[in-house]
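Report on one structure; see the data block that follows.
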Amino acid sequence: MERTQSQYDRVAAIFFLIVGAFFALYARAVEIGTWNEPGPGFLPFYAGIIISIMAFALFVKSRGKKGPVRPSFFPEAGSWKRVLATFTALIVYNFIFDYLGFALTTFLFVGVLVKFIFPQSWAKTLIVAVSAAIIARLLFINFLETQLPKGFLGF
Amino acid sequence: MDLLNHILLGAQVLFTPGNIFFCFIGVLMGTLVGVLPGLGPTAAIALLLPNTFHVSPVTAIIMLAGIYYGAMYGGSTTSILVNIPGEAASVITCLDGYQMALKGRAGAALGIAAFGSFIAGTISVIGLMLVAPPLAKFALAFGPPEYFSLMLMGIVILIYLASGSILKALMMAVFGLLIGTIGMDSISATQRLTFGLLELSDGVGLIPAIMGLFGVAEVIANVEQEIKREIIATKVKNLLPNLQDWKDSFWPMIRGGILGFFIGILPGPAPVISAFSSYAIEKKLSKHPEKFGTGMIQGVAGPESANNAATGGAFIPLFTLGIPANSVIAILLGAFMIHGIQPGPMLIDKYPDLFWGTIMSMYLGNVMLLVLNLPLIGLWVKVLKVPYPILFPLILLFCLVGVFSLNYSKVEVALMIGFGVFGYLARKFQFEMAPLVLALVIGPMMENNLRLSLVISQGSPWIFIEKPISAAFILVSLALLISPFIPWIGKRRRKLQEKVEGEQI
Amino acid sequence: MMLVLSFIPAASADAQDFPKGPINYMNPFNPGGEVDIAARAMQPYLEKNLAQPFVINYQPGAGGGLCWSKLAAAKPDGYNIGGFSIPHIILQPIFMKDVTYKTEDFVIFSIVEYTPIGFGVKKDFQVNTLKEFIEYAKANPGKVSCGGVGKFTGHHFATLQFMKLAGVKVNYVTFQGTSQVQTALMGGHIDAAFTNSSMLVTTKDQIKVLAIGAPQRMTQLKDVPTFEEFGFKMYPRIARGAMGPKAIPQDIQKRLEKAFLDTTSKPEFRAKMEAAGFVPQVMGIEESHKFLEAEAITIKQLAQEFDLKRQ
C-alpha cells in the first residue's frame, strides 16, 4: 500500500503532540518552580509545550501539499517477519542470558538469526554460532574480565 | 629560542625506552578499548592506573594520555565500518564514513580519519605549546549563561544544516532534551520519570541510546531488505586515500583541528561539540552540501580532526587551572595528586619536565596511532567482507554485550532495544537522529546552566543577552533560525531540501 | 556511568580472606573535588594494606544524594563503600524527600579529614574585608550571588548561618561540585562563595578570602581572620571519610577500619593533606559515630532556627 509523506508526517505529529502533552502534564507533578528558582519541572514543562506547538505546526503543514510518494512501510513481502523476528531475538536474549549463561545464549542467538533470517545451511550456521560463542566468551570473560553471567550450567 | 628549549626538554624526557614503551601500551590499549563498542577510555584508564604507581609521574601521564587518544581513534573505526559509534564523538563520523564504506571506500575513510586525527593532534599540541596560559583565562570567562548559549547555538547549527525539514529536526532535538530530563535531577534530587528504577536515576544512558538508534536500528533496517546489496563486493581498491581525497580533505582537516582545539578548552563534552560543529561548517562551505550524508570525505576529515584536537585542548584546563574537563582527565588529575603534584596555575612553571614531556608524548602518541592503525585498516576491511547474513547477528551481539558491560544492567539493554525500535521507525518517518543524540548529550548540562543562570540573575532571562559572549551566541542562533524565512536565503535552503527529500537518511 | 570492570559480589564474606577482589569506592561528587583528593591520596596506602585495587567511581548528583541513595541499597559485603560528607548525610534525609537513604543506614569506618568552610569573593569585587562586604550586602539585599555546593549541605548552612548572624540577604546559587564553584568564582560569574578551606588555599591568589570558619586561624591561611574575630560564632565545617551500608558483617567492618586507620595515621599522608588545606583526622568507627552524633545535634538545632521547609 502506498503512502504519501504527509500521511507519515501526520502520524508523527500526533505522536509528538502526545509526548509534549505528557511531559508538560508530568512536569506539574514535580515542581515547576519559578523563574527565580527553576524547579525540576521547569524544563520539561516548557519544552513539552514547545514540542506540542511544533507538532501542531507539523500537522497543519501536512494538510498542505501531499509530498512525495513513499514506498510502502515494509518494502518487501517477507520484511515484517524478519524485522519482528530480529527484535524478538534481541528481547529474548535480554531476558534469558543471565539464566542460561552468556555463552549458551550467544550460541542460540547467533544460530537462530543466521539460520532463519537469511537462511544459511545448517553447517554454516553451526560453525558460525559455535565460534561466535567461544570467541565472545574468551574475549569478554577471560581476556577483559567483564562480569558476564555464567548461567546455571556454569559456563 | 625558549620554545625550542622546551621542546628539547620534552623530547629528552620522552625518548627513554621506558616512556616510549608506556606510550605504546597506552595507545594500544586505548585503541582496543575504543574499537569495542560500549567500552570506553575511562575503563581502560581505571584498569591501568594502579600499575602507574610504580613509575614516575611523567611516565604515568604519558601512558594514560596515550589511552585517551587511542580510544578516540578506535571509536572512529567502528563508526566507519559498521555505523556504530564507539562513543558520542564518533556519531558524526558514521554519517559519511559509513556511506563511504558502503561504496567500497572504507580504506580511504579510515585512512583520512587516521591522518586527520594525526594532523589535528599535532595542531592541538602546537596550540598547547604556544598559548596555554592566555587561553585558560579565556575559558574562565565562560560562566553558566555563556555555556547555555553556546550549547543552544550548537544545537541550532546542527538543526539548520539538517538535510531534511528544520521543523522535524527541531522536534527531535527538543525530544532529546525531554528524554535527557529522565533521572534524578541533580539540583534538587527529585526523581523524574524513573518509575522507581534505580538504574534510571542516572538518566537514560548515552551509550544505550546511541547503540540503539544507530546500531540496532541500522541493522534492522538492513534486515528488511533482501540482500541484493553485495555490500562490499566491489573490490576494495585503495586501502589508502588517493590524491583527490587528500586535496579534498586538506582544508577540512586544518579547520577541524583549529576548531576542535578551541572548543576543547571549554570544560564539557568538547569532542562531541567539535565534531558536530566541524561537520556543520564543512557542509556549509562545501560546493555540494546536498551530498553530505552520502559519503563525502570532508564529512569524515573535518569531524575526526576536530574531535582529536578537542582531546588535546581538553588538557589545557588541567594544566593551567587544575580543573578536569571530563572524567578521563579527572583521573589524570588524580594521578598527578597521587604523585604529589598539585595541579594549578603554577604547574607549568614548577614542573616543566612534566608538562613538556607530556606534550611531546602526545605527538609521539599520535605518530604511534598512525603507524599502529594503518596496517590494521586492511584487516578491518576484511571484516566487512563477511556476508551480511552472518555479520549482522555478530554486530547485534556486540551491541548487546557492549551495553550490558557498562553497568551490568539489563534495563539499559532493554533501553537500547527500545531506542532501536524508535530509530527504526524514525528512519521510516524521515526524522533525523543526530539532533536527538546531541540534545541528549548536552541537554542535562544545558538545563543545569539554564537554571544556574536564572538563579544568578534572579529570574531574569535577560542575563543571556546582557553578557556579551552569551549574547553573541544567541544572536547567531536567532539568525540561523529565522533565515529560512527570509526569501533569498530561504530559497537556497528549500532547494537543498527538495533535493534531499525522498532520499533515505 | 563508568565501567566497573571488577565489580565482584563476594559469595561468602570471610574476614580472613577479605578482600578477595577490588573494592568499589563510590565518590558522591565530581572528579577533582575534596572527596576525590582525599581518596586519591589514600589510594596507594589502602591498596597496599588490602592487597587489592581500590577503584574510585564517580556518582555525582543532588549534592551527593544520588550516590548515598545507591550506597544504602548496595550489597553489604564490604566491596561497596563510598565517601561521605557531614553534615550532608544528616541533613538530606530530613529535608529532601526524594532521597532514599537515612543517616542510620550506614556504618562509618573512619573520618579522614575535615575542612573548615570559609568565605571568599571574586577578585574585582569592591570590598576587602568581611565588614565591607556586610555593608555592601546590606545596601543591596538579595543582589549578591553567593555560590556553594548543593542544597542542605555544609555550604548551604554556612550561608544561612551567616545571613542570620550578619543580618544580610544574599542569593545562594547551587553548584554540583567545588571545581564548578571555583571556576565560577575565579571567572567572576558569581560574586562570592562559601567554600572549603582546601579550595581557598589553592586559589587564594586569584580570589579574596575574607573569613574562615575555624576556632583559630588556620596555619595554611595565616592572614585570614576567623568569623569569630568579627563576632560571629560560627564554625561551619565539612567532615569526610569512608562509609558503607550498615549491614556489613562486623569482622569485615573491622578490617576496613584498620585499613583506613593505618592510612590516616601515616605522617606523610597527614602532611600531604595539610599542605592541600585539609585538617586530617584519625578516627575509627566508634569515634566517628560519636562525632556524627555531636554534629547532628548542632546541625539540627541550627536547622530549627532557620525554619527550613522539606523539599
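Structural remarks
- Chain C: relative contact order in percent, alpha carbon pairs under 8 Å with at least 6 residues between: 26
- For the stretch B:397-470, radius of gyration divided by Kirkwood radius, i.e. Rg to Rh on alpha-carbons: 1.19
- Gap separating the Cα centres of the stretch A:77-135 and the stretch B:433-485, nearest whole Å: 46
- Protein heavy-atom accessible area occluded, C/B pair - total, 1.4 Å probe, Å²: 3900
- If R0 is 56 Å, the Cβ-Cβ spacing of C:Gln216 and B:Leu478 corresponds to a FRET efficiency of close to 0.50.
- All-pairs Cα distance distribution in the stretch A:5-62, expressed in whole percent, bin size 5 Å: 5, 23, 23, 17, 13, 9, 6, 3, 1
- Relative contact order (%) - criterion: Cα under 8 Å, at least six apart; region: the stretch A:79-143: 32
- With all protein chains in place and ligands, DNA and RNA left out, the 1.4 Å accessible area ranks B:Glu282, B:Glu432, C:Glu135 as C:Glu135, B:Glu432, B:Glu282, largest first.
- Kyte-Doolittle mean at least -0.5, axial Cα span of 24 Å or more - DSSP H helices of chain C: C:285-306
- C:Arg237 long-range amide H proximity, modeled H, under 5 Å: C:Ile117
- Computed over the Cα atoms of the stretch C:199-311, the ratio of the radius of gyration to the Kirkwood radius (Rg/Rh) comes to 1.03.
- Under-5 Å amide H pairs with C:Val112, H placed in peptide plane, nonlocal only: C:Arg240, C:Gly241, C:Ala242
- Cα-Cα P(r), the stretch C:12-115, percent of pairs per 10 Å interval: 14, 47, 32, 7, 0
- For the listed residue pairs A:Lys61/B:Lys284; C:Lys131/C:Lys272; B:Lys467/C:Lys208, the alpha carbons are over 25 angstrom apart in A:Lys61/B:Lys284; C:Lys131/C:Lys272.
- Only Cα pairs under 8 Å and 6+ residues apart enter the sum, and on that basis the relative contact order of the stretch C:116-230 stands at 38 percent.
- Amide H contacts under 5 Å for C:Leu210, placed H, 5+ residues apart: C:Phe119, C:Gly120, C:Val121
- For the stretch A:79-143: rounded, prolate or oblate by the Cα gyration tensor [a/c cutoff 1.5]: oblate
- Each 10 Å bin, from zero up to the one with the longest distance, holds this percent of the alpha carbon pairs of the stretch C:124-256: 11, 40, 30, 10, 7, 2.
- Global geometry of the stretch C:165-238, whether rounded, prolate or oblate, following the gyration tensor of its Cα atoms and the 1.5 cut on a/c: oblate
- Backbone HN-Hα couplings from phi across the stretch A:112-129 [Karplus 6.51/-1.76/1.60, Hz, Gly and Pro as x]: 4, 5, 5, 6, 9, 7, 10, x, 10, 5, 4, 4, 4, 4, 4, 4, 4, 5
- Entries of A:Lys81/C:Lys70; C:Lys48/C:Lys300; C:Lys122/C:Lys233; C:Lys151/C:Lys266 with Cα pairs more than 30 Å apart: A:Lys81/C:Lys70; C:Lys48/C:Lys300; C:Lys151/C:Lys266
- Cα-based Rg / Dmax (Å) for chain C: 19.4, 64
The values are calculated or read from the model by the stated rules, or taken from the named source; none is laboratory data. What you see is a predicted model, and the numbers here were worked out from it, not measured in a lab. Heads up, the Cβs are rebuilt from the backbone with ideal geometry, glycines too, and the neighbour counts pull from every protein chain shown. What goes into the accessible areas is simple: the full protein's heavy atoms, side chains included, and nothing from ligands, DNA or RNA. Shrake-Rupley method; radii C 1.70, N 1.55, O 1.52, S 1.80 Å.
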